[in-house]
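What follows is a single structure, written as structure tokens, with notes after it.
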Amino acid sequence: MKSRVLVLGAGFGGMELSTLLSEALGEKADVTVIEKGDAFVFGYSKIDVMFGRLTPEAVRLPYRNFVKPGVRLVKETITAIDPVARRVTTTDGSYEADFLVVALGADYDLAATPGLAEDGNEFYSVAGAGRVREVLPKFSKGPAVVGVCGFPFKCPPAPSECALMLHHYLAKRGVRGACDITLVLPLSSPMPASADVSAALIAAFAETGIKLLLGRSVKALEPGRKVAVLDDGTELPYALHLGVPKHQVPKPVLESGMAENGWVPITLRTMETRFPEVYAIGDGAATGLPKAGSFAESAARAVASSILAKLGIGEAKPNTGTGSCLVEFGDGRLSWADLDFLTGPKLTSVFHPPSLAGRAHKEQFGASRTARWFGR
Ligand SMILES: Cc1cc2nc3c(=O)[nH]c(=O)nc-3n(C[C@H](O)[C@H](O)[C@H](O)COP(=O)(O)OP(=O)(O)OC[C@H]3O[C@@H](n4cnc5c(N)ncnc54)[C@H](O)[C@@H]3O)c2cc1C
């Protein structure tokens, strides 16, 4: 009998894992992917949507085009996970697995930050970015705050990108002189994994007059007074707030008993949870590494090799913790750092300075995944 692999979530991690298993096993694979959405959207497309560069429709990659031998994608919402029995309940039924992989990403806890849902303009979801797209053209004077409400959060440089994009967006409209921009980050630098990228961002903030507050997060918004309250008690007046909500694993994972302090503990080299034949990959896993798509793919490669090894094919390979962090500077330039956390004794980082030519790297990043997963 075929071994049943159940993959929860069709994001970076889930799609890469299923693709690798399909490539290795073809029709002999028995992979079921459970996904509640109709379409995949790259994380960075949310920034394109909020600043009006692309429409919400244009950035959707419909799952009907995710077609792989031996892989079945079902559109259902997961409501419960039993990691001991490896049983998953959905709105439509239940599934059992020989291997269970949780790849449900991170969810947003807007209620953790009072006032955020009312006046915070979160831009980390497609729906939120779509709403901000309508708000931005109405903002033309006063203080803007780009505020992060908790740590860890997806794509550490994304709030910095947002602040720089906002600067150039307002400059283009001729209203930058009437606006202030403050960026609040709960980090020690704009991108702790790369001192070079951080230095380039700090230089760009100095050039564009963006005020950077490090090591702090937004604790609450008071929409009546139009004030953001930081965790050290500082009060920042705002006319526009653009927010990154506190993150945690989706509710069914929280309720499954797999999570601790909002995230799923794993063994970093294997991505195994404490439950036999149950893995967690991507943003939901407590890796301590950046929460970004390419790190979810690195974890997917380790898990695919582990499952295949257990089926008698090849050797299990450890998670390399490798990934590429892309950073837009808002003026058309793009920088990135190729990071490798786990191959050697310490993190290695290769810096690619901001340049207009760097855009081709991002285009290639998106195009290669679109071709690999969606055949386009
Ligand atoms: C503004 C922004 C910019 C970013 N920029 C970059 C970047 O430039 N490069 C980069 O590598 N990363 C970037 N990221 C981060 C990247 O998007 C995530 O790290 C990546 O998507 C994580 O992959 P994942 O597989 O863990 O989860 P996801 O890709 O989030 O996939 C999880 C899937 O699970 C599904 N799901 C959740 N709950 C349920 C349920 N109950 N039932 C069924 N399905 C469910 C979701 O619908 C989703 O499709 C960015 C993120 C944001 C928000």
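The values are calculated or read from the model by the stated rules, or taken from the named source; none is laboratory data. None of the values given here were measured: they were computed from a predicted structure. Here the Cβ is made from the backbone with ideal geometry for all residues, glycine too, and neighbour counts use every protein chain on show.
Side notes on the structure shown:
- Some residue of segment 343-360 being β-branched (Val, Ile, Thr), at pLDDT 95 or above, surrounded by fewer than 16 Cβ atoms within 10 Å (Cβ to Cβ) and within 19 Å of the chain's Cα centre (by Cα): no
- Taking the criterion of being within 27 Å of Lys141 (Cα to Cα), part of a helix (DSSP H, G or I) and either in contact with a Gly (Cβ under 7 Å, 6 or more places away or on another chain) or of a type in the set (Ser, Thr, Tyr) (or both), the only residue of segment 182-231 that qualifies is Thr208.
- Test: residue in segment 41-54 that is away from the ligand (no atom under 15 Å from the Cβ), at negative phi and without any contact (Cβ under 8 Å) to a residue 40 or more places away in the chain: no
- Any hit, segment 15-24, residues being more than 15 Å from the ligand (Cβ to nearest atom) and of a type in the set (Asp, Glu): yes
- Within segment 37-70, if we keep just the residues that are among the charged types (D, E, K, R) and surrounded by 15 or more Cβ atoms within 10 Å (Cβ to Cβ), the residue that is nearest to Gly293 (Cα to Cα) turns out to be Lys46.
- Look at segment 286-310: where a residue is over 17 Å from Ser3 (Cβ atoms) and a partner is among the hydroxyl-bearing types (Ser, Thr, Tyr) and within 13 Å of the ligand (Cβ to nearest atom), sitting 6+ places away or on another chain with Cβ atoms under 8 Å, you get Ser294/Thr322; Ser294/Ser324; Phe295/Thr287; Phe295/Thr322; Ser298/Thr322; Ala299/Thr287.
- Condition check for Gly243: farther than 23 Å from Glu23 by Cβ and surrounded by fewer than 17 Cβ atoms within 10 Å (Cβ to Cβ): no
- Count of segment 272-290 residues, restricted to those that are more than 10 Å from the ligand (Cβ to nearest atom) and touching a Phe, Trp or Tyr at 6+ places or on another chain (Cβ under 9 Å), is 9.
- Output for segment 303-329, where each listed residue is more than 14 Å from the ligand (Cβ to nearest atom) and not charged (D, E, K, R): Ser305, Ser306, Ile307, Leu308, Ala309, Leu311, Gly312, Ile313, Gly314, Ala316, Pro318, Thr320
- Some residue of segment 26-34 being of a type in the set (Val, Ile, Thr), within 10 Å of the ligand (Cβ to nearest atom), buried (at least 21 other Cβ atoms within 10 Å of the Cβ) and modelled with pLDDT of 95 or more: yes
- Only one of the listed residues (Gly293, Gly243) is within 22 Å of Ala129 (Cα to Cα), in contact with an Asp or Glu (Cβ under 7 Å, 6 or more places away or on another chain) and within 16 Å of the ligand (Cβ to nearest atom). That residue is Gly243.
- Selection within segment 28-62 - among the hydroxyl-bearing types (Ser, Thr, Tyr), in contact with a Leu (Cβ under 9 Å, 6 or more places away or on another chain) and under 27 Å from Pro156 (Cα atoms): Tyr44, Ser45
- Members of segment 139-173 that are in a helix (DSSP H, G or I), among the charged types (D, E, K, R) and touching a strand residue (DSSP E or B) at 6+ places or on another chain (Cβ under 7 Å): Glu161
- Among the residues listed as Ser188, Ser194, Ser160, the single one being surrounded by 19 or more Cβ atoms within 10 Å (Cβ to Cβ) and more than 26 Å from Ala117 (Cβ to Cβ): Ser194
- Here Ser298, Ser294, Ser305 are screened, and the one residue that is over 16 Å from the mean Cα position of the chain (by Cα), of a type in the set (S, T, N, Q) and surrounded by 17 or more Cβ atoms within 10 Å (Cβ to Cβ) is Ser305.
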